[in-house]
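Student: This is the structure I want to talk about, given as structure tokens.
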Amino acid sequence: MNTSWIDFLGGQISYYDAGGVRTRCLEAGQGETVFFLHGIGGHAEAFVKNVTTLSKHYRVVAVDLLGHGLTDKPDCDYEIPDYVQHMKDLMKAMGVEKAHFVGESLGGWVSFWLAYNHPELVHSFISVTGAGLLVDDFDVTRSDALKNLRNLSKRSSATEVTRDSVRERLKWLFYEPEKSITEELVEIRYRLYANLDWQRIQPKIQAMMDPERATKWYIRPEHLQAFTVPTYIVWTRHNPSTPWQTGERASKLVKGAKFDLMEDCGHWPQWEQPEEFDQLIHQYILSLKSSVLQ
């Protein structure tokens, strides 16, 4: 049986009241909290292969972001400040004063602005193929890759959602989709996308991929140069949206930031190369503790 939930054995599904928003989390472990935040249109299962492995060292929490997965879907703008406020409310509800944030795609975008505006809440900012970077001539919101993603997202999230349209949307995420996409993953996302409440709000969520809506939340060089939180940027050779060179340039703008490039994976390195990914995250957090001791 090919099921990713076997990797989650020992973890638990929890719900928290985050400022009135019922929020689903996959979590395990004790100690310093590490939040995993998924990408646009995603859900906590994006990190189902990573939670319990890293829970040997930390309290690991994969979150269904505001409006996503099985988290409540209130009527709001679904812009970056809405996601940031939701995460602040979730931390309060969980009794977490400070945490490490590992954000993939949209999750990286949200994590950056949370750390930028509230550094007192963040031990470290770890961006995994993170969205929102505008640090060179490459503007992802105007790229062919993102146009393709927008089209796939509209088809897979519309009222006529099908398992085939969901499968096509998932293919965008992976370097080797035939190895990575299971029928279980298709079914999970299909059932989440078939939810009528998701269909009600998804146009607002997908609108964050439109240049006109996103521009005021871009992460620009001046923001990175003023950033004070310990930063680790993880990219992949085959990321389908922003090229790895952009991630590397962003890392050079943040004082003391670390950059790593993963091979043989696309937008979800945590799924395609989970052992390497988990090791990178763990070693980075350990390095922060070592530097404090020194």
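Student: Which whole-number percent of Cα pairs in the range 252-294 have a distance greater than 12 Å? Before the final figure, lay out each step's value.
Tutor: Numbers: 602 of 903 pairs.
Taking all Cα-Cα pairs of the range 252-294, the fraction more than 12 Å apart is 67 percent.
Student: Ok, one more. Quick check on the exposure proxy: order 183, 27 from fewest to most C-beta atoms within 10 angstrom. It would help to have the intermediate numbers written out before the result.
Tutor: On the way: 183 12, 27 23.
Least to most surrounded, the residues fall as 183, 27.
Student: Just 197, 64, 72 to compare: in a GNM of the chain, with alpha carbon springs under 10 Å, which one fluctuates most?
Tutor: 197
Student: Taking all pairs of distinct Cα atoms, average 1/r, flip it, and tell me the Kirkwood hydrodynamic radius of the chain in Å to one decimal place. Intermediate results must be reported in sequence, preceding the final value.
Tutor: Numbers: mean 1/r = 0.0530 Å⁻¹.
Radius from the Kirkwood sum: 18.9 Å.
Student: Roughly speaking, what is the centre-to-centre gap between the range 1-80 and the range 100-133 when only Cα atoms are used, to the nearest Å?
Tutor: Taking the Cα centre of the range 100-133 as reference, the centre of the range 1-80 is 15 Å away.
Student: Can I ask one more? Can you give me the convex hull volume of the Cα atoms of the range 1-127, divided per residue and expressed in Å³? Walk me through the intermediate numbers first.
Tutor: Values: hull volume 12.2 nm³, N = 127.
Hull volume normalised by residue count: 96 Å³.
Student: Now for a separate question. Using Cα pairs closer than 8 Å and at least 6 residues apart in sequence, work out the relative contact order for the range 199-259, in percent. All intermediate terms of the calculation are to be shown ahead of the outcome.
Tutor: On the way: 45 pairs, mean separation 20.5, N = 61.
Reported as a whole number, the value is 34 percent.
Student: Within 10 Å of each residue's Cβ, count the other Cβ atoms and sort 109, 244 from fewest upward.
Tutor: On the way: 109 27, 244 19.
In increasing order of surrounding Cβ atoms, one gets 244, 109.
Student: Relative contact order, percent, of the chain when contacts are C-alpha pairs under 8 Å separated by at least 6 residues?
Tutor: Values: 576 pairs, mean separation 51.7, N = 294.
Reported relative contact order: 18 percent.
Student: State log₁₀ I(q)/I(0) for the range 172-294 at q = 0.09, 0.10, 0.14, 0.23 Å⁻¹ as given by the Debye formula over alpha-carbon point scatterers of equal weight, solvent excluded.
Tutor: Here the Debye-derived log intensity ratios amount to -0.37, -0.46, -0.86, -1.27.
Student: Using 27 Å as the Cα-Cα cut-off, could you pick out the over-long pairs in 216/289; 49/88; 56/88; 73/216; 73/252?
Tutor: On the way: 216/289 35 Å; 49/88 25 Å; 56/88 25 Å; 73/216 23 Å; 73/252 37 Å.
The pairs that break the limit, which is 27 Å between Cα atoms, are 216/289; 73/252.
Student: Helix-derived [θ] at 222 nm for the chain: sum -39500 (n - 2.57) over DSSP H runs of at least 4, divide by residue count, nearest 500? Write out the running numbers ahead of the final one.
Tutor: Details: 13 runs with 123 residues, N = 294.
Computed ellipticity for the chain at 222 nm equals -12000 deg cm²/dmol.
Student: To continue, here is another question. Which of 269, 230, 74 ends up with the largest GNM mean-square fluctuation for the chain, with Cα atoms connected below 10 Å?
Tutor: Result: 74 has the largest fluctuation of those listed.
Student: Right, something else. How long are the semi-axes of the ellipsoid equivalent to the range 35-93, from square roots of 5 times the Cα gyration tensor eigenvalues, in whole Å, largest first? Provide the component values of the computation, followed by the final result.
Tutor: On the way: eigenvalues 98, 34, 14 Å².
Gyration-tensor ellipsoid for the range 35-93: 22, 13, 8 Å.
Student: Could you estimate the translational diffusion coefficient of the range 60-108 from the Stokes-Einstein equation, with Rh from the Kirkwood formula over C-alpha pairs, at 37 °C and 0.692 mPa s, in whole µm²/s?
Tutor: 283
Student: While we're on this one: In whole angstrom, how long is each semi-axis of the equivalent ellipsoid of the range 2-57, when you take the square root of 5 times every eigenvalue of its Cα gyration tensor and sort them from largest down? Provide the component values of the computation, followed by the final result.
Tutor: Values: eigenvalues 70, 45, 23 Å².
One finds semi-axes of 19, 15, 11 Å for the range 2-57.
Readers should treat all values here as calculations from the given coordinates under stated rules, not as data from a laboratory. Since this is a predicted model, take the numbers as computed values, not measurements. For neighbour counting, all protein chains shown are included, and Cβ atoms are generated from backbone atoms with ideal geometry for every residue, glycine included.
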